[in-house]
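**Q** Got a structure here, written out as structure tokens. Questions coming.
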Amino acid sequence: MLFQFEKRNSASRALILATPFFAIAVTVLLSSTMLLLQGKSLHTTFFAFFIEPFESTYAISEIFLKFGPLLLIAQALAIGFRAKIWNIGAEGQMIMGAVVASSIPVYFTDSESIFLLPAMIILGALGGMAWAAIAAFLRVRFNANEILVTLMLSSVALQILYYLLLGPWKDPMGFNFPQTVMFQDAALFPPIIFGFRLNYSLIIPLIFTVFVWIYMERRFGGFQLVVGGLAPNAATYAGYSSGGAVWKSLLIAGFAAGIAGMSEVAGPIGQLQRSVTSGYGYSAIIVAYLGGLHPVGIFFAAFFLSVIHIGGDYALVTADLPISSVHIFQGLLLVTYLASYTFVNYRFRSRKAQREYIESSAT
Amino acid sequence: MTPLEFFLSGTMSAATVFLLAALGELVAEKSGMLNLGVEGMMAISAAVGFVVTYQTGSHIFGFSIAAVAGIFVSLIFALVSITFLANQVATGLAVGILSLGVSALIGKKYESLTISAPDPIFIPGLSDIPFIGAVFFQQNIVVYCAILMSVMIAFCLNKTRLGLAIRACGENPKAAEALSYSVWKIRYGAVAFGGMMAGFAGAYASTIYTPLWADGMIAGRGWIAVALVVFGTWKTSRIFLGAYLFGMVTLGELVVQSLGFAVPSQFLTAMPFVITIVVLAIISADMSRLRLHAPYSLGETYDGSESR
């Protein structure tokens, strides 16, 4: 190779902070090129993406509506990623959380009990955890790769959702649309501001973030998880169980994703329908990385990606940009982030400079 | 064609998608590179292959450009994970997400359009044999090419110097470099080969097996191909068998539906994924066998710092 990387003696802290911004800059540059090739106006597009989401109170409230589930799931996934436990099936865990939580308003359509919502939160969490537990069990007991299992489980969860919506749970008065009845008010989170979709479910991700931050940074537990994932043997010698790290990572992720799924059906959607996840399960992977797998970083990354999501909705209307452009932007962001992160641990060195270095040290 | 003939010949056709992609992933993994972007590479190639074939009317042209697209995407993965030393799992996922988005963009104007699949080849004599002719000798030429590829890849990996070099990079890159193999060149090559094969698989899916484009049409088949490499414990012959088994499972869905069994279609669609999970658990439970066959340095970033 013309150049190569040389390991730094210690990771550069300044670059850890700079990397996400550098990745965003490169991604904006690359997507600008793609937009120009498609003959789109850069001004209109970037206005839609970065300015329009802040132009009205409603738009800002919608940003926070996306922020909640992204933050919640990303915080949980990061715990696993830090320990090199690759749960990429948050999408499926989210679906199962939404499905199990929906069973209450679907079967108790008339109940106005105040216990309805708390029961749904608990069931949502349990649904997500149960789905994640399958992957944890298969990984710990049978050594089955959790990447493939969690991903396959997402496909299975989607089919379960479709089955319920087209069969037993279909709204009999719904003109054959694949969706359940609209939930009663007692099964919905109350809005924070009347007339807006933003609701009190936002509190859960915020509390969760604080807990994760305390857990990862202040407690010894964070260290245990990291060791268990990185080096199974070392973990066994030190007396922590590697299986324990797998269980913990997956159950926490299932818990968070399940509640996120429940918050969608008991929040902005108000019923169980096909598009219950909005792709949060995958976006959260990008949020977790862009936030440097750190609770505080993830907080800001989740906000940034929420803006992108809302901006994408505006760009769809004002700049006639297809919805896939948001996925492309996210994908580019993660690719450039991963490439840029190299500079945290390595420094650049051209072949020539290295040869000179070797020669000078030889004399 | 009798139902049984239809089932068996359909199995061969469905299996070819899995086989092509899994063979490519096998070569990449043998060199130590775990590329999880197979699904994305297939999606882009399927879109590109369809668009090119639709516009030019030439399947050969469609296949070639699809392969180029697959190679291009795989080189992005190689650049980030080999040159920039990023984690292979995360990079594969990232490239996968990116390519799924790009495939939707490429195919947007072609959503739900169809083209005609090329006629299967007809071998005078063989294709006329009752039953055997209908099952084995009325297939598209790509089906035979994929089988031929399996044999060639098995031979190349196990019996040639190139195969030895690829395997050395996957087992112990430091030792491979000490033997004056260029690890990064070999890994780039193996990943690009995987991209080309995923490109063929995608093009086969969108222009021959089901000659249409629909967003998300790869529908997890790339991931099953990745799982097949584990099922086959990194052996070409077993991966071949696995691909045909999953071809059969895919066809089983059609058969059960056509026979009019009252099974919800969602149950049948979920079947390949459930079977993948079960088989994965059974195969992986035997730790010693996995350890014996999995490339020792699979998925590990190699920065070469210690040997230089």
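The values are calculated or read from the model by the stated rules, or taken from the named source; none is laboratory data. Just so it is clear, the model here is predicted, and its values are computed rather than measured. Reconstructed Cβ throughout: ideal geometry from the backbone, glycine too, with neighbour counts over all protein chains shown. Ligands, DNA and RNA are stripped out before the accessible areas are found, and what is left, the full protein with its side chains, is counted by its heavy atoms. Shrake-Rupley method; radii C 1.70, N 1.55, O 1.52, S 1.80 Å.
**Q** Here's a check for you: in the range B:57-81, which residue that is within 14 Å of another protein chain (Cβ to nearest Cβ) and touching a residue at least 24 places away in the same chain (Cβ under 8 Å) is nearest to residue B:300 (Cα to Cα)?
**A** Going through the range B:57-81, the residues within 14 Å of another protein chain (Cβ to nearest Cβ) turn out to be B:72-81.
Going one step further and asking which of them are touching a residue at least 24 places away in the same chain (Cβ under 8 Å), we end up with B:72-75, B:77-78, B:81.
Values: B:72: 22, B:73: 20, B:74: 17, B:75: 18, B:77: 14, B:78: 13, B:81: 10 Å.
Restricting to residues being within 14 Å of another protein chain (Cβ to nearest Cβ) and touching a residue at least 24 places away in the same chain (Cβ under 8 Å), the top hit is B:81.
**Q** Here's another thing I want to ask about it. Which one of the conditions (1) open to solvent by less than 10 Å² (accessible area, probe 1.4 Å); (2) modelled with pLDDT of 95 or more; (3) within 26 Å of residue B:208 (Cβ to Cβ); (4) out of contact with any strand residue (DSSP E or B) (no Cβ under 8 Å at 6 or more places or on another chain) does residue B:50 fail to meet, given that it meets all the rest?
**A** With respect to (1) open to solvent by less than 10 Å² (accessible area, probe 1.4 Å); (2) modelled with pLDDT of 95 or more; (3) within 26 Å of residue B:208 (Cβ to Cβ); (4) out of contact with any strand residue (DSSP E or B) (no Cβ under 8 Å at 6 or more places or on another chain), residue B:50 is out only on (4).
**Q** Does residue B:250 meet the test of being assigned to a helix (DSSP H, G or I), more than 9 Å from chain A (Cβ to nearest Cβ) and not acidic (Asp, Glu)?
**A** Spelling it out, residue B:250 is indeed assigned to a helix (DSSP H, G or I), more than 9 Å from chain A (Cβ to nearest Cβ) and not acidic (Asp, Glu).
**Q** For residue B:215, work out the one condition from (1) under 30 Å from residue A:323 (Cβ atoms); (2) more than 9 Å from every other protein chain (Cβ to nearest Cβ) it doesn't fulfil.
**A** (2)
**Q** What tally of residues in the range A:309-342 results from selecting those that are open to solvent by 60 Å² or more (accessible area, probe 1.4 Å) and in a helix (DSSP H, G or I)?
**A** Number satisfying all stated conditions: 7.
**Q** Restricting attention to the range A:49-59, report how many residues are open to solvent by less than 60 Å² (accessible area, probe 1.4 Å) and without any contact (Cβ under 8 Å) to a residue 24 or more places away in the chain.
**A** 1
**Q** Taking the conditions exactly as written (surrounded by fewer than 23 Cβ atoms within 10 Å (Cβ to Cβ) and either modelled with pLDDT of 90 or more or more than 12 Å from chain B (Cβ to nearest Cβ) (or both)), does residue A:348 satisfy them or not?
**A** When the stated conditions are applied, residue A:348 does not pass them.
**Q** A follow-up question, please. Filter the range B:168-197 for residues that are under 21 Å from residue B:37 (Cα atoms) and among the basic types (Lys, Arg); which is surrounded by the fewest Cβ atoms within 10 Å (Cβ to Cβ)?
**A** Per the criteria, the residue is B:185.
**Q** Check B:150, B:127 and return the single one that is part of a helix (DSSP H, G or I) and more than 21 Å from the chain's Cα centre (by Cα).
**A** Result: B:127 is the single residue among B:150, B:127 that is part of a helix (DSSP H, G or I) and more than 21 Å from the chain's Cα centre (by Cα).
**Q** In the range A:105-150, how many are open to solvent by 20 Å² or more (accessible area, probe 1.4 Å) and in contact (Cβ under 8 Å) with a residue 24 or more places away in the chain?
**A** So the count comes out to 17.
**Q** When both residues are 6+ apart or on different chains and their Cβ atoms are under 6 Å apart, which pairs have a first residue that lies in the range B:198-217 and is surrounded by 24 or more Cβ atoms within 10 Å (Cβ to Cβ), and a second that is in a loop (DSSP other than H, G, I, E, B)?
**A** Qualifying pairs under 6 Å: B:206/B:213; B:208/B:117; B:208/B:140.
**Q** Identify, by number, the condition in (1) part of a helix (DSSP H, G or I); (2) at pLDDT below 90 that residue B:122 doesn't meet.
**A** Going through the list (1) part of a helix (DSSP H, G or I); (2) at pLDDT below 90, residue B:122 breaks only (1).
**Q** Restricting to the range A:248-294, name every residue that is over 12 Å from the mean Cα position of the chain (by Cα), over 17 Å from residue A:123 (Cα atoms) and open to solvent by 10 Å² or more (accessible area, probe 1.4 Å).
**A** A:248, A:268, A:269, A:273, A:274, A:275, A:292, A:294 - these are the residues of the range A:248-294 that are over 12 Å from the mean Cα position of the chain (by Cα), over 17 Å from residue A:123 (Cα atoms) and open to solvent by 10 Å² or more (accessible area, probe 1.4 Å).
**Q** Same structure, new question: Considering only the range A:1-25, state which residues are in a helix (DSSP H, G or I), open to solvent by less than 70 Å² (accessible area, probe 1.4 Å) and away from chain B (no Cβ under 12 Å).
**A** A:15, A:16, A:18, A:20, A:24, A:25
**Q** Could you check residue B:292 against (1) assigned to a helix (DSSP H, G or I); (2) modelled with pLDDT of 85 or more and say which number it fails?
**A** Against the list (1) assigned to a helix (DSSP H, G or I); (2) modelled with pLDDT of 85 or more, residue B:292 comes up short only on (2).
**Q** Another one. Filter the range B:82-106 for residues that are under 21 Å from residue B:185 (Cβ atoms), facing chain A (nearest Cβ under 8 Å) and assigned to a helix (DSSP H, G or I) and give the result.
**A** B:83, B:91, B:95
**Q** For the range B:241-287, how many residues are under 20 Å from residue B:29 (Cα atoms) and open to solvent by 80 Å² or more (accessible area, probe 1.4 Å)?
**A** Residues that pass the stated criteria total 1.
**Q** Only residues that are outside any helix (DSSP H, G or I), of a type outside the set (Ser, Thr, Tyr) and away from every other protein chain (no Cβ under 14 Å): list them for the range A:248-298, please.
**A** Scanning the range A:248-298 gives A:266, A:267, A:268, A:269, A:270, A:271, A:272, A:273, A:276, A:294.
**Q** Of the conditions (1) more than 10 Å from chain A (Cβ to nearest Cβ); (2) within 24 Å of residue B:147 (Cβ to Cβ); (3) open to solvent by less than 40 Å² (accessible area, probe 1.4 Å), residue B:238 fails just one. Which one is it?
**A** (3)
**Q** Next up: Residues in the range A:75-93 that are over 22 Å from residue A:297 (Cβ atoms) and open to solvent by less than 10 Å² (accessible area, probe 1.4 Å): how many?
**A** The total comes to 3.
**Q** Please specify each residue of the range B:108-123 satisfying the condition of being among the basic types (Lys, Arg) and exposed (fewer than 13 other Cβ atoms within 10 Å of the Cβ). Outline the logic, then answer.
**A** Going through the range B:108-123, the residues among the basic types (Lys, Arg) turn out to be B:108-109.
The answer is B:109, and nothing else.
**Q** Taking the conditions exactly as written (touching a strand residue (DSSP E or B) at 6+ places or on another chain (Cβ under 9 Å) and open to solvent by 70 Å² or more (accessible area, probe 1.4 Å)), does residue A:177 satisfy them or not?
**A** Judged against the criteria, residue A:177 is a match.
**Q** Consider only pairs whose beta carbons are under 7 Å apart and that are at least six residues apart or on different chains; among these, list those whose first residue lies in the range B:124-153 and is over 21 Å from residue B:62 (Cα atoms) and open to solvent by 40 Å² or more (accessible area, probe 1.4 Å) and whose second residue is at pLDDT 85 or above and among the polar types (S, T, N, Q).
**A** If the second residue must be at pLDDT 85 or above and among the polar types (S, T, N, Q), the pairs left are B:138/B:9.
**Q** Identify the single condition in (1) within 26 Å of residue A:242 (Cβ to Cβ); (2) outside any helix (DSSP H, G or I) that residue A:151 does not satisfy, given that it satisfies every other one.
**A** (2)
**Q** What pairs come out if I take residues in the range B:278-304 that are away from chain A (no Cβ under 11 Å) and pair them with residues that are open to solvent by 50 Å² or more (accessible area, probe 1.4 Å) and in a loop (DSSP other than H, G, I, E, B) whose C-beta lies under 8 Å away, six or more apart or interchain?
**A** Pairs that qualify, where the first residue is away from chain A (no Cβ under 11 Å) and the partner is open to solvent by 50 Å² or more (accessible area, probe 1.4 Å) and in a loop (DSSP other than H, G, I, E, B), are B:293/B:235; B:296/B:172; B:297/B:172.
**Q** Quick check on the range B:192-211. Is at least one of its residues within 14 Å of chain A (Cβ to nearest Cβ) and not polar (S, T, N, Q)?
**A** Looking for residues that are within 14 Å of chain A (Cβ to nearest Cβ) and not polar (S, T, N, Q), one finds none in the range B:192-211, hence no.
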